[in-house]
Amino acid sequence: MDYHLPYGLIIFFLPIIIFLFSIYYENKSSSKLGLPKSYPLIGCTFSLIKNRKRLVQWTAQLLQNSPSSTITLTGPFGKKCVLTTNPSNVKHILKTRFDVYKKSTTVRSSLQDLLGGGIFVVDGTEWKSHRQLISPIFKSDTFHHIVECITMKEISSRLLPLFADASTISTTTILDLPDIFRRFTFDIVFKEGFGHDPQYLSPSLPKTPLADAFNTAIKICMGRYASPSILWKAKKFARIGSEKNLSLAVKELQEFIKNRIARLKEGECDDHVYLVHFLASKGRTQNKLVCDEKYYVDSIINFILAAEDTLCSALIWFFWLISSNPEVEKEVVSDIKANNNNNNWKKMTYLHASICESMRLYPPAPVEPKQATGDEDIWPDGTKVNKGTEVIIHIFAMGRSQELWGENWAEFKPERWLRKDVTTSNWVFIPRDPFNYPVFQAGPRTCLGIDIAFMQIKLVAANVLSQFQLVPAVDGYSPVYSSTLTSKMKNGFPVRVIQRV
């Protein structure tokens, strides 16, 4: 008996001892890499809570300190999340093993009430079907022409007059640039979708129920992603608080779109061709006549979210960086004027490089969350990823990687995208490998709207900067970065407008 008791105790405590030692060595290894401490059952939850308002920046800093450009964070009950900025890993996820890495269930569940079964929340055959139907639309010269005309009309009839008024009324007139661009993009996206003009950028800067519903839905869905799912799901079940507001906002948005589609079908609207017309015509061409109303609604809402939120983000950060870098602004304005102001926007090489550089530092979508659906996978850098593991391509951190962009990565330097032609002395644009710069995704899921996005940003930049200078209302103003799934400015960006001489 004296011999069996110690042996039994050893057998009983051995798993506990091994577990505690594994935690100790894991924390010891993590501390060397600057990673947060991980505790039994709760993982690094304390650090996640502490940094919950700056998760993108915090995890970017952790990745900058990682020799392999890959880190693993442990959540409650041992749930793992692997984050990477390694281009080889990015290519592995987005292309080589594309079929293994699906949309994150966290993202899908957070956005599904708003996006339904649209292209941004589905995978597999559903995604392929959406892609095959939508891809020809975004390659269509007709649709590109429509988008260009709509964008130019909104610029000339609303955006420029608004800036002109602000520059002449009083030197103390201050505009909140994110609010202006949110209204601008909202108007053009709804026009592109089905020809409706919300007039959100009218001179009085009105509130509209449609815009309020859209903004409410986005804000709550994005908030879901950054909070424990058990909390928002409980509120959804009880139909209280933010979840009740989300339900009402989505219903209003869907009802408006349904009504608009019905009017288009009845021929009550003008005869221009919009996205909803393209969807129907392409469906017939492929013998896939899309008559399901839900399909139309989901497709339009996905388009609105992708176009409005990301375009607005890209414009805001571009204009802040331009206003903070006078030498770059001078070169951009020179490029615009050399190309007959806004008429030759396709030839504005320095402007194009400036936009790319802006999105390097502030990508509209700072992270791309995925989830491993296959058995154990081994990445090019040796990282092992098990089935069900959350995987994040950290696009924001990639733009701040010294390995990818050099020691001067923090500088806003469009020249890193350019070289001088020895014969003409003109700038020549140097594109980057999309797996080093996945701002527009890469591989099979590459963004279909790349060309349209650049066109719209260039048109806005060329027209505004050729006539006005947007100056921060506060000297040395530095906006507070805020993000969940898109890059935003927490407290806005107040500017004064000055007419160029």
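The values are calculated or read from the model by the stated rules, or taken from the named source; none is laboratory data. Everything quoted here is computed from the prediction, not taken from an experiment. All Cβ positions, glycine included, derive from the backbone under ideal geometry; neighbour counts span all protein chains shown.
Per this entry, SER157 is counted among residues that are among the small types (Gly, Ala, Ser), part of a helix (DSSP H, G or I), without any contact (Cβ under 8 Å) to a residue 40 or more places away in the chain and at negative phi. Of all residues in the stretch 451-501, those that are farther than 30 Å from TYR225 by Cβ and free of Cβ contacts under 8 Å to residues at least 12 places away in the same chain total 3.
Filtering the stretch 444-476 to residues that are on the phi > 0 side of the Ramachandran plot and buried (at least 17 other Cβ atoms within 10 Å of the Cβ) leaves nothing.
The number of residues in the stretch 177-198 being over 21 Å from the mean Cα position of the chain (by Cα) and under 21 Å from VAL497 (Cβ atoms) comes to 0.
Against the list (1) surrounded by fewer than 17 Cβ atoms within 10 Å (Cβ to Cβ); (2) free of Cβ contacts under 8 Å to residues at least 60 places away in the same chain, the condition TRP409 fails is (1). Scan the stretch 59-68 for residues that are part of a helix (DSSP H, G or I) and more than 16 Å from SER38 (Cα to Cα) and jot them down. Selection gives ALA60, GLN61, LEU63, GLN64.
Checking each residue in the stretch 368-386 for being modelled with pLDDT of 95 or more, assigned to a loop (DSSP other than H, G, I, E, B) and farther than 30 Å from THR310 by Cα picks out PRO380, ASP381, GLY382, THR383, ASN386. Among the numbered conditions (1) modelled with pLDDT of 95 or more; (2) touching a helix residue (DSSP H, G or I) at 6+ places or on another chain (Cβ under 6 Å); (3) farther than 30 Å from LEU55 by Cα, the only one that PHE184 does not meet is (3).
With PRO414, PRO380, PRO363 as the choices, which residue is crowded, with 17+ Cβ neighbours inside 10 Å, under 19 Å from THR85 (Cβ atoms) and in contact (Cβ under 8 Å) with a residue 12 or more places away in the chain?
PRO363
Here THR424 meets each of (1) surrounded by fewer than 17 Cβ atoms within 10 Å (Cβ to Cβ); (2) under 25 Å from ILE119 (Cβ atoms) with one exception, condition (2).
Can you find a residue in the stretch 182-201 that is β-branched (Val, Ile, Thr) and within 25 Å of GLN112 (Cβ to Cβ)?
In the first step, residues of the stretch 182-201 are kept if they are β-branched (Val, Ile, Thr); the result is 185, 188-189.
Add one more test, that the residue is within 25 Å of GLN112 (Cβ to Cβ), and what stays is 185, 189.
Scanning the stretch 182-201, I find at least one residue that is β-branched (Val, Ile, Thr) and within 25 Å of GLN112 (Cβ to Cβ), so the answer is yes.
Pairs linking a residue in the stretch 176-205 that is more than 17 Å from PRO161 (Cβ to Cβ) and free of Cβ contacts under 8 Å to residues at least 40 places away in the same chain to a residue that is in a helix (DSSP H, G or I) and among the charged types (D, E, K, R), with Cβ atoms under 7 Å and 6 or more positions apart or on different chains, are PRO198/ASP187.
Would you please name the residue that is farthest from the chain's Cα centre (by Cα), looking only at residues in the stretch 481-501 that are more than 28 Å from PHE120 (Cα to Cα) and part of a loop (DSSP other than H, G, I, E, B)?
Going through the stretch 481-501, the residues more than 28 Å from PHE120 (Cα to Cα) turn out to be 491, 493-501.
With the extra rule that they be part of a loop (DSSP other than H, G, I, E, B), the set shrinks to 491, 493, 500-501.
Values: ASN491: 19, PHE493: 19, ARG500: 32, VAL501: 36 Å.
Here the residue is VAL501.
Would you check if GLU148 is of a type in the set (D, E, K, R), part of a helix (DSSP H, G or I) and either crowded, with 21+ Cβ neighbours inside 10 Å or at positive phi (or both)? Considered against the rule, which asks whether it is of a type in the set (D, E, K, R), part of a helix (DSSP H, G or I) and either crowded, with 21+ Cβ neighbours inside 10 Å or at positive phi (or both), GLU148 comes out as no. Just one of the numbered conditions (1) farther than 24 Å from GLN254 by Cβ; (2) surrounded by fewer than 18 Cβ atoms within 10 Å (Cβ to Cβ); (3) under 23 Å from the mean Cα position of the chain (by Cα) is not true of SER202: (3). Would you be able to tell me the number of residues in the stretch 206-221 that are buried (at least 18 other Cβ atoms within 10 Å of the Cβ) and either closer than 30 Å to LEU48 by Cβ or free of Cβ contacts under 8 Å to residues at least 12 places away in the same chain (or both)? Adding up the residues that qualify gives 6. Selection of the stretch 391-416 for residues being over 22 Å from ALA442 (Cα atoms) and either at pLDDT below 95 or in contact with a Leu (Cβ under 6 Å, 6 or more places away or on another chain) (or both) yields only PHE412.
Filtering the stretch 42-58 to residues that are among the small types (Gly, Ala, Ser) and either free of Cβ contacts under 8 Å to residues at least 24 places away in the same chain or part of a helix (DSSP H, G or I) (or both) leaves only SER47.
Only one of the numbered conditions (1) closer than 21 Å to VAL297 by Cβ; (2) basic (Lys, Arg); (3) in a strand (DSSP E or B) is violated by LYS102, and that is (1). Starting from residues that are closer than 28 Å to ILE218 by Cα and out of contact with any strand residue (DSSP E or B) (no Cβ under 6 Å at 6 or more places or on another chain), keep the ones in the stretch 317-345 and report whichever is surrounded by the fewest Cβ atoms within 10 Å (Cβ to Cβ). Within the stretch 317-345, the match that is surrounded by the fewest Cβ atoms within 10 Å (Cβ to Cβ) is LEU321. Scanning the stretch 111-126 for residues that are more than 14 Å from TYR295 (Cβ to Cβ) and part of a helix (DSSP H, G or I) yields LEU111, GLN112, ASP113, LEU114, GLY124, THR125.
Count of the stretch 412-437 residues, restricted to those that are aromatic (Phe, Trp, Tyr) and in contact with a Phe, Trp or Tyr (Cβ under 9 Å, 6 or more places away or on another chain), is 3. Quick one: would you say ALA353 is of a type in the set (Gly, Ala, Ser), closer than 30 Å to SER68 by Cα and within 13 Å of the chain's Cα centre (by Cα)? Judged against the criteria, ALA353 is not a match.
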